[in-house]
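Step one of this worksheet: look at the structure below.
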Amino acid sequence: MTKILSVLTVLTTSLFAGTQAWAQAAAPNAPEGGFLMQLPIFLALFALFYFVMIRPQRQQAKKHNEYLASLSRGDDIILANGFLGRIVGLTDKIVSVEIADGVEVKALRTQVQGSAKSILASEPA
């Protein structure tokens, strides 16, 4: 009986010792091409961000800059602070806007948010 226990002890210790040595030996062998395997994922994420966030924002900014360049006297506009008015004077950087009869304010041209025609058209008379 003691011989059987000693044989089992030797087998289990050699089995576990071999497993431990095998696990330690496998750790340094990382998968081949770790960064190269992840590179397509990073490229795909960048492409996703570009087409979902960056490109639409650039297109919108380009469209807004074209709108600002096309402003002229008499246009109804909305300013960034919410004022609705009509352009009475323009320079390269400043817009003079009449927000009420006889009340003019000056604002930066970049603060013009858009056309007020749709809002003024839907307003009851």
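Structure data summary
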read-out: Yes/no for GLY82 being among the small types (Gly, Ala, Ser) and part of a strand (DSSP E or B); value: no
read-out: Residue in the stretch 101-112 that is of a type in the set (Gly, Ala, Ser) and under 21 Å from the mean Cα position of the chain (by Cα) present; value: no
read-out: Members of the stretch 86-107 that are assigned to a strand (DSSP E or B), out of contact with any Lys or Arg (no Cβ under 6 Å at 6 or more places or on another chain) and closer than 25 Å to LYS62 by Cβ; value: LEU90, VAL97, ALA107
read-out: From GLN24, GLN20, GLN113, residue being at pLDDT below 95 and either assigned to a strand (DSSP E or B) or touching a His at 6+ places or on another chain (Cβ under 6 Å) (or both); value: GLN113
read-out: Residues that are among the polar types (S, T, N, Q) and under 14 Å from GLN111 (Cβ atoms), drawn from the stretch 40-82; value: ASN65, ASN81
read-out: Selection count, the stretch 80-93, where residues are among the hydrophobic types (A, V, I, L, M, F, W, C) and under 11 Å from VAL112 (Cβ atoms); value: 4
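The values are calculated or read from the model by the stated rules, or taken from the named source; none is laboratory data. This structure is a prediction, so every number in the text was calculated from the model and none was measured. No Cβ is skipped: glycine too gets one built from the backbone with ideal geometry, and neighbour counts run over all protein chains shown.
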